[in-house]
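K.L.:
Please read through the structure below; I'll follow up with questions.
What follows draws every value from the coordinates through simple rules; no lab data is involved. Model, not experiment: these values are computed from the prediction. Cβ placement follows ideal geometry from the backbone for every residue including glycine, while neighbour counts extend to all protein chains displayed.
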Amino acid sequence: MNEERSNGFLDFAILFFTLLLCIGSQTLFPACAPKPDGSWMMCHASNLVVTGTGAICSLLAFARVFLSRRLKTILSAAIFAVSFFTMPVPGYVLPLCRMAAMQCQAIFRPAVLFVGILLCIVTGIDIWFRLRKG
Amino acid sequence: MDFIVKFALQNISRRPGRSIAVLLFSVLFAAAIFGGTLLIGSMQQGLRVLNSRLGADIVVVPAAAKTKFNVNSVLLQGTPGYFYMERKVLDDVTGIEGVEKVSPQLFLASMTADCCSASLQIVGFDPRSDFAIQPWIRETYGGLLGDGDIVAGSNVRFTDTRMLKFYDVNCKVAAQLAKTGSALDNAIYANEDTVKRLIAASQKKGMNQYNSFDPADVTSAVLVKVKDGYDIEKVAGEINLHVRKVKAVAAKNLISDVASGLSGMSDMIGICIGTIWILCVLIMMIVFTMLMNERTREFAVLRVLGTSRSMLSRMVISEAVLINLAGGAVGILLSFLFVMLFNTAIGNLLKVPFLMPSVSTILLLAGATLLISILAGGIISALSAKRISNMDTSLILREGE
């Protein structure tokens, strides 16, 4: 019962953070808005990639709720890897706008890093618990 | 490992729901104290750096600029904006009694599409007379700024070629300044000749709202250093009285506007921290009392099995201290991560200079928060433990029979 409860807490946390990465990157902490002429700034590509990886993580997180213990560990590891490699996307892998005060630099990138770190911690704890219990 | 600590750890892991609930309060408690104090400390640090960066005693701007622009935000907060007055003001101000040094500054705002998808404030200074900007440029760049060279604020990003283009004029980034935490980080600095070239280019492209003057004949602001022994306010008053069409403002008044806003904000954050702190302590007291009531039979059995009163108290206190230690560490880590990652956004949102304190200050603050968190948990649980150890074991075990 107790184990189920702690697993449920981790399942909820993983699903919450993956959905936050996916939906939040389009709503709560998006990169810069389009220019008045409708064209996008250079940070738009990294916004799309983060939303995409967030969607993949959300699907994996949703799937792992219904799967067996062994598969859950594998999916947790996959979410850990995807979120880990999502963190350097804004600003390192793909460029952002050049002013640090702009939305993509001041809000989007820190938010992706923050959610990415939390996701790595939560999935890391989940993997550790599962491997420890064998 | 000590038996009591081991027992406490087992109790925590066997009841994850209960432990997580108490842990969350502890996280909130630590995050509120650490995060709130870090916010206040960062604002104070930002104001200190801004104060040291201003360098001048008096700032003289065109009188019309005071009504058209928020001069404070242009001078202190780097908000893109420009205004001009005749350059002869420089000689007029120099002639006022009590004035030791004067230095002109020339402003221009870049177009949004020039380099950065956002407008930048461009500040030109005279290298021969400047006493305000060059001292902090020297902290990162020892050379002389040639024509076409610029120094970028810490928030300005550029590519490996170190070239930025303004109004089709290429400028080379000679150095980048250290962070001040204010919007001065969004500005770029160059010598007056470079900025005159940029103004002429902006006029040629029809992008400057003032097209009828020669850039060589104007200045945007005059920074004034007052001689020792003279009253700054009085000298500013003399300038306002004797020099036409200008407004002289004592720099400390500019800063005090920011400082008074900051003081109000610090008080508000302090009240929030206090409220959250009291709420957390109250909630933790209620939670601990409820948990102890729920566990009275467990404690009674332990007493029957030979556990002494002091051992029982130590078990309860150990549990609370361990949870508060973990919760405190998580709360500190999360709030530090949040403030560190979002420091630019927080500065923009609060509209105050925002600069994180030094590593040693942060570590000291983290240690103090952890100590407060552990002490709070320890004291609350000690009160509960005292109540438990005074209970009549036989009565509890007979309850419900």
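K.L.:
Relative contact order for the range B:54-250 using alpha-carbon pairs under 8 Å, separation at least 6, rounded to a whole percent? Please report the intermediate quantities before stating the final value.
P.N.:
Details: 389 pairs, mean separation 69.1, N = 197.
Contact order relative to length: 35 percent.
K.L.:
In terms of modelled amide H atoms, which long-range or inter-chain residues lie less than 5 Å from the amide H of A:Met41?
P.N.:
A:Lys35
K.L.:
Right, something else. Out of B:Val243, B:Pro16, B:Ala152, whose Cα points farthest toward the positive end of the dipole of the protein assembly as shown (charges: +1 Lys, Arg; -1 Asp, Glu; placed on Cβ)?
P.N.:
Value: B:Pro16.
K.L.:
Continuing with this model, one more query. What is the mean number of Cβ atoms from other protein chains located within 10 Å of the Cβ atom of each residue in peptide A:104-116, rounded to a whole number?
P.N.:
Values: counts 1, 4, 10, 6, 1, 3, 9, 4, 1, 4, 6, 0, 0.
Mean partner shielding for this stretch: 4.
K.L.:
Related question: Normalised by the number of residues in chain B, what is the relative contact order in percent for Cα pairs under 8 Å and 6+ residues apart?
P.N.:
Computed value for chain B: 29 percent relative contact order.
K.L.:
Given +1 on the Cβ of Lys and Arg, -1 on the Cβ of Asp and Glu, and no further charges, what dipole in debye does the protein assembly as shown carry about its Cα centre, rounded to the nearest 20?
P.N.:
Taking the Cα centre of the protein assembly as shown as origin, the dipole is about 1620 debye.
K.L.:
Using the structure shown, select from B:Lys205/B:Lys245; B:Lys179/B:Lys351; B:Lys172/B:Lys351; B:Lys88/B:Lys204; B:Lys88/B:Lys245; B:Lys165/B:Lys204 the pairs with a Cα to Cα distance greater than 20 angstrom.
P.N.:
Numbers: B:Lys205/B:Lys245 29 Å; B:Lys179/B:Lys351 16 Å; B:Lys172/B:Lys351 30 Å; B:Lys88/B:Lys204 25 Å; B:Lys88/B:Lys245 12 Å; B:Lys165/B:Lys204 15 Å.
Beyond 20 Å between Cα atoms: B:Lys205/B:Lys245; B:Lys172/B:Lys351; B:Lys88/B:Lys204.
K.L.:
For the range B:150-183 and the range A:16-77, what is the separation of their C-alpha centers, rounded to whole Å?
P.N.:
33
K.L.:
Give me log10 I(q)/I(0) at q = 0.08, 0.09, 0.15 Å⁻¹ for the range B:54-250, Debye formula, one equal scatterer per alpha-carbon, no solvent.
P.N.:
The calculated log intensity ratios at q = 0.08, 0.09, 0.15 Å⁻¹ are -0.25, -0.31, -0.88.
K.L.:
Now for a separate question. Using amide H atoms built in the peptide plane, which far-off residues or other-chain residues are under 5 Å from B:Val99 H to H?
P.N.:
Correct list: B:Lys227.
K.L.:
Nearest 500 deg cm²/dmol is fine: what mean residue ellipticity at 222 nm does chain B get from its DSSP H runs of n ≥ 4 alone, each adding -39,500 (n - 2.57), divided by its residue count? Write down the numbers at each step before the final one.
P.N.:
Details: 14 runs with 228 residues, N = 401.
After summing the helix terms and dividing by residue count, I get -19000 deg cm²/dmol.
K.L.:
Within 10 Å of each Cβ in peptide B:344-352, how many partner chain Cβ atoms are there on average? Round it to a whole number, please.
P.N.:
Numbers: counts 9, 9, 2, 2, 5, 2, 0, 0, 0.
Mean partner shielding for this stretch: 3.
K.L.:
How about the range B:169-222: which trypsin sites (Lys or Arg not before Pro) there lie in a loop by DSSP and see at most 14 other Cβ atoms within 10 Å? The partial results should precede the final answer.
P.N.:
Details: sites: B:Lys172, B:Lys179, B:Lys196, B:Arg197, B:Lys204, B:Lys205; in loops: B:Lys179, B:Lys205.
Sites meeting the loop and neighbour criteria: B:Lys205.
K.L.:
Which whole-percent values make up P(r) of the protein assembly as shown when all C-alpha to C-alpha distances are grouped in 20 Å steps starting at zero?
P.N.:
Result, from short to long distances: 18, 40, 27, 13, 2, 0 percent.
K.L.:
Over what distance in Å are the Cα centres of the range B:303-370 and the range A:79-116 separated?
P.N.:
After rounding, the separation between the Cα centres reads 26 Å.
K.L.:
Tell me, what is the FRET efficiency for A:Ile74 and B:Met340 to the nearest 0.05, using R0 = 45 angstrom and their Cβ-Cβ distance as r? Can you show the working numbers first?
P.N.:
Numbers: r = 33 Å, r/R0 = 0.73.
With R0 = 45 Å, the Cβ-Cβ based efficiency is 0.85.
K.L.:
Filter the chymotrypsin sites (Phe, Trp or Tyr not before Pro) in the range A:68-101 down to the DSSP loop ones having no more than 11 other Cβ atoms within 10 Å, then list what survives.
P.N.:
Details: sites: A:Phe80, A:Phe84, A:Phe85, A:Tyr92; in loops: A:Tyr92.
Of the chymotrypsin sites (Phe, Trp or Tyr not before Pro), the ones in loops of the range A:68-101 whose Cβ has at most 11 other Cβ atoms within 10 Å are A:Tyr92.
K.L.:
What do you get for Rg/Rh of chain B when both radii come from the Cα atoms and Rh is the Kirkwood radius?
P.N.:
On the way: Rg = 30.6 Å, Rh = 25.2 Å.
Radius of gyration over Kirkwood radius for chain B works out to 1.21.
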